[in-house]
Every structure is written in C-alpha cells, then in structure tokens.
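Okay, structure first, notes after.
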Amino acid sequence: MNLDIRWTEAERLASIELSLLRKLMARAPQNTINLALGELGFKFPQVLADKAIELMQNGQPRYSPNAGVDVLRERIAQDYSASGENICVCNGAEEALYTTIHSLVNPGDRIAIPDPDYPAYPVLAKLAGAEVIRLPFEQDLCSIDWDLWEKKLQGVKAILMSSPSNPSGYCLNRGDAQQLNETLNNLGITLILDEIYREIYIQQPDKIDYSMFDRLIRIGGVSKSHLMSGWRIGWLFASKPFITSAIKLKQYISTCPAWLSQYLALYALDCPHISLSVRDRMNQNHALVKNALSHKRMHIPTATPYILIHCDEADKQVETWLQKGLLSSPGKAYGFVTKDWIRLNYAVEKETLERAIRILL
C-alpha cells in the first residue's frame, strides 16, 4: 500500500476544517488546564461505574434495534409525555443532530442558526448542502430583534438552535418562545432545538409549552446531565413520521447505539441525584468564579457551565493564557457577535478551577 499517494478529497469537505478549538488543543503545552471543551470535568459517578460493571457481568452485549432498545425509548419518552415511537436513540447528541439535518434538509435549502451558537451547526448544515443564515442576538447576548429575525427567516426551512445556548447560556423564555412560535408557524419553518444543557443550570429556566410549535424536533442526551459524555447516548424526539425517516438513515450511519451505554443510560435517567450533584458543584464553582473575577467584564448566565470574558484583543489573550497553561475557547468560534469574548467552562473539579483562576488573574 502506497501511504504517500495523493488523495482527492470529497467536494463536500472542501470548505470544512478542524475547529478553531481543536487547532488550539493541538498546540497546547503538556499539562494544560482545559477550560475550553464543552465537557463537564467532574469525576464520573461511582454509582454509574458500579452499574456498568454489573451490566457487563450479567448481560449479553449485542446489536439493538436501530432506534435503540424499546425500554430506553419508552423511558426517554416519559420526559416528553410521549411514546417510545417518538424517540430515536443515537450515539450522542451530535449524531442526533446529523441524523436530523440529513433526514430533513435537501441541498439548497436554507437553515437559520443564531449568532452566537454551537460551532458544529453551520458545518453540519453545509455538509447537507444547505445555505446557512445567521440570526444575530443583540450585544447583551440574550435579547432578540424580532423584526430582523423575521426578515432573515423568509424562505428558511429550519432553524437550528440550542436552549440553553452554547456559549451564551441564553434560554428560551415564555415571551420569546411565543414570539418564535408565531413566526415559525406562520412561515412553515421547523424548529430543531438542541437541549443537551437542559439540566445544567444555576437557576431553572422557564417551563415552555412546546406543543404550540407545529414543526418541532428536540435533541437531548445524558452527556452533560449525568457526566456520560464518553458513553455517547443522545436522542431525538419528533413526530412518528419523522422518526421513521430518521431510523431509516440511522441504520446506515452507525447501525445502533452501544448496548452497554443504552442500559447504563436507562439506569442513569432514574438517578436524579446525579444531576442534582452536578448542579450543586456548578453552583459552588459559579460563585467562586464570579467573586474571583469580579474585576473583569463578564457575561455570567444562569444556565450551561460557561462564562464569557470580554476582551478587546480576544485572540491575543487566548494565546497568552495558552502559553501559561490554560486553554480557553475564542468567542469568534461561535459567531460574529461574540468575537470580543472568550468562553470558559467552569464545571471542573474545584482544585483545577482554583489553579485556572490564578492564571486568569
């Protein structure tokens, strides 16, 4: 085999690069403190480790149905007051997003994505051949110019957004949800709502009646809420006809989620104390960061594990911290509106956070 042969990359990848964060990680000095990844840095719960061992000792790992084992689908559906037929279990929320977009979008369709929001969204949309429209938040990162959004949403097939939002922590409140509902329903637009941070909050967000949306797909998972990022269990919730389409595609993406991960997720969903513990530790760290960095201009939301620090020369500051052994995430990775901000993940063990704060000071 000639390992030096020149390959021609598929055209769909021509405009796709490794993310800015991954490029920074590749240059990070050894033992760098990582406050950049969207992964909670708390220790994996012992109760889940013990259950995983029990499952392996007594179970029989094998393929599951493409959409996941029925008992897990039914358990997830309980939280949506729905049926298991409305759930497709995936290998993480990222695969759920990929499956959703490619089951819905045709080349040339337009997908609207808030600015700022998760950097993978525009990439996933482009891989599906869609045109991306950005919907800017106001400078406070939590207010919306609805006249502007409605103008930009003309001719759009779907809006893809997170709530709570990565990186700003914005959560759909009742007023915004009602306005968004009216706009999308009038224009026949599908809302794809990524709720992976739904249980990650200091102050619980508004309860939203999502039944008012005519076209809705919700994405969830246990990576954040139960510290199970490495187990790769996410899901999508939607109408039965859409789930049928998603399952058809899911079959050829990865066949099915891992057997062990599914049954561990089933157990975890009935361990509410895990999410409570995560929020308790986040609350402590939230207060620590807020007090220690009070002299800086910050955006400190009450949901997600992130804070944003404002900096006129954000790129230079990110590089300075990197050379000192602290990895942070440049705000420009999430959109134009956050180009002068830097995102930090404070959901790490307290000792790690204290070391990071000494660098930030």
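The values are calculated or read from the model by the stated rules, or taken from the named source; none is laboratory data. Keep in mind that this is a model prediction, so the values were computed, not measured. Heads up, the Cβs are rebuilt from the backbone with ideal geometry, glycines too, and the neighbour counts pull from every protein chain shown.
Residue count for the range 313-346 under the criterion of being touching a residue at least 24 places away in the same chain (Cβ under 8 Å), more than 17 Å from residue 301 (Cα to Cα) and of a type in the set (Ser, Thr, Tyr): the result is 1. Counting only helices (runs of 4 or more DSSP H) that fall entirely inside the range 43-107 and contain at least 2 residues that are touching a strand residue (DSSP E or B) at 6+ places or on another chain (Cβ under 8 Å), of a type outside the set (Phe, Trp, Tyr) and within 30 Å of residue 209 (Cβ to Cβ), the qualifying elements are 70-78, 92-104.
If you go through the range 13-35 and keep only what is under 23 Å from the mean Cα position of the chain (by Cα) and part of a helix (DSSP H, G or I), you end up with 13, 20, 21, 22, 23, 24, 25, 26.
How many residues are exposed (fewer than 10 other Cβ atoms within 10 Å of the Cβ) and in a helix (DSSP H, G or I) when one looks only at the range 1-12?
Looking only at that region, the number is 1.
Residue under question is residue 344, and the condition is that it be assigned to a helix (DSSP H, G or I) and either aliphatic (A, V, I, L, M) or touching a Cys at 6+ places or on another chain (Cβ under 8 Å) (or both); does it hold? For residue 344, the condition - assigned to a helix (DSSP H, G or I) and either aliphatic (A, V, I, L, M) or touching a Cys at 6+ places or on another chain (Cβ under 8 Å) (or both) - is not met. Does any residue of the range 53-73 turn out to be touching a Gly at 6+ places or on another chain (Cβ under 7 Å) and in the same structural domain as residue 222 (by TED's automatic domain parsing)? Yes, the conditions are met somewhere in the range 53-73.
Within the range 240-267, the only residue that satisfies the criterion of being touching a Pro at 6+ places or on another chain (Cβ under 8 Å) and under 16 Å from residue 227 (Cα atoms) is 260. Residues of the range 304-334 that are buried (at least 23 other Cβ atoms within 10 Å of the Cβ) and in a loop (DSSP other than H, G, I, E, B): 304, 305, 328, 334.
Being at pLDDT 95 or above and aliphatic (A, V, I, L, M) holds for only one residue in 55, 37, and it is 55. Restricting attention to the range 18-38, does a residue exist that is of a type in the set (Val, Ile, Thr), over 30 Å from residue 145 (Cα atoms) and outside the structural domain of residue 137 (by TED's automatic domain parsing)? Yes, the range 18-38 contains at least one residue that is of a type in the set (Val, Ile, Thr), over 30 Å from residue 145 (Cα atoms) and outside the structural domain of residue 137 (by TED's automatic domain parsing). With respect to (1) more than 28 Å from residue 270 (Cβ to Cβ); (2) at pLDDT below 95, the lone exception for residue 101 is condition (2). Filtering 162, 143 for residues that are buried (at least 21 other Cβ atoms within 10 Å of the Cβ) and of a type outside the set (Val, Ile, Thr) leaves a single hit, 162.
Close Cβ contacts (under 7 Å, 6 or more residues apart or on different chains) running from residues in the range 49-74 that are free of Cβ contacts under 8 Å to residues at least 40 places away in the same chain and within 23 Å of residue 274 (Cα to Cα) to residues that are among the polar types (S, T, N, Q) and assigned to a loop (DSSP other than H, G, I, E, B) are absent. Here the helices (runs of 4 or more DSSP H) wholly within the range 209-296 that include at least 3 residues being in contact with a helix residue (DSSP H, G or I) (Cβ under 6 Å, 6 or more places away or on another chain) are 240-253, 259-268.
Hydrophobic (A, V, I, L, M, F, W, C) and buried (at least 24 other Cβ atoms within 10 Å of the Cβ): is that true of residue 132 in this structure? So residue 132 fails the test.
Looking across the range 196-214, just one residue is buried (at least 20 other Cβ atoms within 10 Å of the Cβ) and among the acidic types (Asp, Glu), and that is 199.
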